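Asker: The following block contains the structure, expressed as structure tokens.
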Amino acid sequence: MIIDCHGHFTTVPKHFREWRSAQVAAADDVANAPLVADAHVSDDQIREGIEGGQLRLQQERGSDLTLFSPIAGLMSHHLGNERTSLEWASVSNDLVYRVTEMYPDNFVPVAMLPQSPGAPPKNSIPELRRVVEELGFVGVNVNPDPTGGYWTGKPFTDKEWYPLFEAMCDLDVPGMVHVAASCNPNFHGTGAHYLNADTSVFMQILQSDLFKDFPTLRLVIPHGGGAVPYHWGRYRGMSLEMMDRPLEGLLDNIYFDTCVYHHPGVELLTKVVPTSNVLFGSEMIGAVRGTDPNTGHYFDDTKRYVDACEALSDDDRFAIYEGNARKVYPRLDARLKAKGL
């Protein structure tokens, strides 16, 4: 089985995005805010978005199952207020849940959180518990910068995050460290802000004792880990100098996906980072949707790059494509075992 750990419902109908815009516009005018019922997406609209998009490409590119979450860019925690963020998270998570109920053999639900600038991360716990305990979600996306590129909050390792991490450990769900859209003109969303966040959070963890406090916390750093694999020696050296510990000790808790859109990058990732810490991911129909003129293939067809890594053994490929995802997402593993898989 080939499990894609990184997918978003990017093909939602236009009116769902328009509802979000109207909701944000009326954030401080509750009387004129759009009704939640108006955000409803019909089953036919779900089929149109899924079957013409993610499902078709999943089948064409040879993967079997996608961990599916709301659109990362549209999480937009910097927009509106804490009330609208909670409403938006609930609406978005419920929509993803419906997709996974309609296509249970192809998609498994992962949540977004109702984060908001200045709001304590612990305020997101009720929604986390709702989707995991009531709807069977297997993971969650956690935004380390709800300000949308301005990073005015505390580091991801600050103790204000601890109640959320405690809940994640209690529920045994991993977090994908995933920012949303950028409102900072210095940082393009997918080209800079995403990769900045991946790299910055890894460094914050390196400087901390986070995993001493939470030895069972599991985090997936997407987009190939940002700059981390490319500068592995730098981080190994800083870990020894600053924290007097080998960097490899963090790998009991940190994992990276293969959302790197060329073969040399994926090959570097799988040579530098132990394959026991690499999960297959594509984020297809996301950051880069076009084709590479040099190959004629889509940039986000990441399975092709993994397949082309000749140094990988059969055991390595199994780990990347299936084994690691089942280890990192135990609720996913339980779902699959219940189906005899």
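The values are calculated or read from the model by the stated rules, or taken from the named source; none is laboratory data. What you see is a predicted model, and the numbers here were worked out from it, not measured in a lab. Counting neighbours? That spans all protein chains shown, and the Cβs are built from the backbone with ideal geometry, glycine included. Ligands, DNA and RNA are excluded from the accessible area calculation, which covers all protein heavy atoms including side chains. Shrake-Rupley method; radii C 1.70, N 1.55, O 1.52, S 1.80 Å.
Asker: Go through the stretch 59-99 and give me each residue that's surrounded by 21 or more Cβ atoms within 10 Å (Cβ to Cβ) and over 19 Å from Ala22 (Cβ atoms).
Answerer: Ser63, Leu65, Thr66, Leu67, Phe68, Ser69, Ala72, Asn93, Val96, Val99, listed by residue number.
Asker: Pull out all pairs, ordered by first then second residue, where Cβ-Cβ is under 8 Å, the residues are six or more apart or on different chains, the first lies in the stretch 13-35 and is within 18 Å of Gly49 (Cβ to Cβ) and in contact (Cβ under 8 Å) with a residue 40 or more places away in the chain, and the second is aromatic (Phe, Trp, Tyr) and surrounded by 15 or more Cβ atoms within 10 Å (Cβ to Cβ).
Answerer: Here the result reads Arg20/Trp88, each pair linking the stretch 13-35 to a residue that is aromatic (Phe, Trp, Tyr) and surrounded by 15 or more Cβ atoms within 10 Å (Cβ to Cβ).
Asker: Mind listing just one residue for me: the one in the stretch 25-36 that is open to solvent by 80 Å² or more (accessible area, probe 1.4 Å) and among the hydrophobic types (A, V, I, L, M, F, W, C) and, of those, nearest to Leu95 (Cα to Cα)?
Answerer: Leu35
Asker: Residue under question is Pro104, and the condition is that it be without any contact (Cβ under 8 Å) to a residue 24 or more places away in the chain, open to solvent by 10 Å² or more (accessible area, probe 1.4 Å), over 22 Å from Leu79 (Cα atoms) and more than 12 Å from the chain's Cα centre (by Cα); does it hold?
Answerer: When the stated conditions are applied, Pro104 passes them.
Asker: Among the listed residues Tyr298, Tyr321, identify the single one that is under 24 Å from His8 (Cβ atoms) and modelled with pLDDT under 95.
Answerer: Answer to the selection: Tyr298.
Asker: Scan the stretch 306-335 for residues that are closer than 25 Å to Asn141 by Cα and in contact (Cβ under 8 Å) with a residue 12 or more places away in the chain and report the count.
Answerer: 14
Asker: Name the residue, out of Leu79, Leu86, Leu74, that is closer than 20 Å to Thr147 by Cα, in contact with a Lys or Arg (Cβ under 7 Å, 6 or more places away or on another chain), touching a residue at least 12 places away in the same chain (Cβ under 8 Å) and not charged (D, E, K, R).
Answerer: Selected residue: Leu74, the only one of Leu79, Leu86, Leu74 that is closer than 20 Å to Thr147 by Cα, in contact with a Lys or Arg (Cβ under 7 Å, 6 or more places away or on another chain), touching a residue at least 12 places away in the same chain (Cβ under 8 Å) and not charged (D, E, K, R).
Asker: Restricting attention to the stretch 70-79, does a residue exist that is farther than 24 Å from Pro174 by Cβ and of a type outside the set (Val, Ile, Thr)?
Answerer: The answer is yes; a qualifying residue exists.
Asker: Mind checking which residues of the stretch 249-278 are in a loop (DSSP other than H, G, I, E, B), in contact with a Leu (Cβ under 7 Å, 6 or more places away or on another chain) and over 21 Å from Phe156 (Cα atoms)?
Answerer: Thr258, Val260, Pro274, listed by residue number.
Asker: Within the stretch 133-248, which helices (runs of 4 or more DSSP H) (wholly inside it) include 2 or more residues that are open to solvent by 70 Å² or more (accessible area, probe 1.4 Å) and either more than 30 Å from Glu101 (Cβ to Cβ) or modelled with pLDDT of 95 or more (or both)?
Answerer: Fully inside the stretch 133-248 and qualifying: 162-171, 210-213, 232-243.
Asker: Can you give me the number of residues within the stretch 271-316 that are within 22 Å of Phe107 (Cα to Cα), open to solvent by 50 Å² or more (accessible area, probe 1.4 Å) and not hydrophobic (A, V, I, L, M, F, W, C)?
Answerer: Counting residues in the stretch 271-316 that are within 22 Å of Phe107 (Cα to Cα), open to solvent by 50 Å² or more (accessible area, probe 1.4 Å) and not hydrophobic (A, V, I, L, M, F, W, C) gives 3.
Asker: Here's a check for you: in the stretch 133-174, which residue that is under 16 Å from the mean Cα position of the chain (by Cα) and among the β-branched types (Val, Ile, Thr) is nearest to His8 (Cα to Cα)?
Answerer: Val140
Asker: I'd like the full set of residues that are aliphatic (A, V, I, L, M) and in contact with a helix residue (DSSP H, G or I) (Cβ under 7 Å, 6 or more places away or on another chain), limited to the stretch 257-301.
Answerer: Those that are aliphatic (A, V, I, L, M) and in contact with a helix residue (DSSP H, G or I) (Cβ under 7 Å, 6 or more places away or on another chain): Val260, Val266, Leu268, Leu269, Val272, Val273, Val278, Leu279, Met284, Ile285, Ala287.
Asker: Given the structure, is Phe68 closer than 27 Å to Ala37 by Cβ, in a loop (DSSP other than H, G, I, E, B) and among the aromatic types (Phe, Trp, Tyr)?
Answerer: Considered against the rule, which asks whether it is closer than 27 Å to Ala37 by Cβ, in a loop (DSSP other than H, G, I, E, B) and among the aromatic types (Phe, Trp, Tyr), Phe68 comes out as no.
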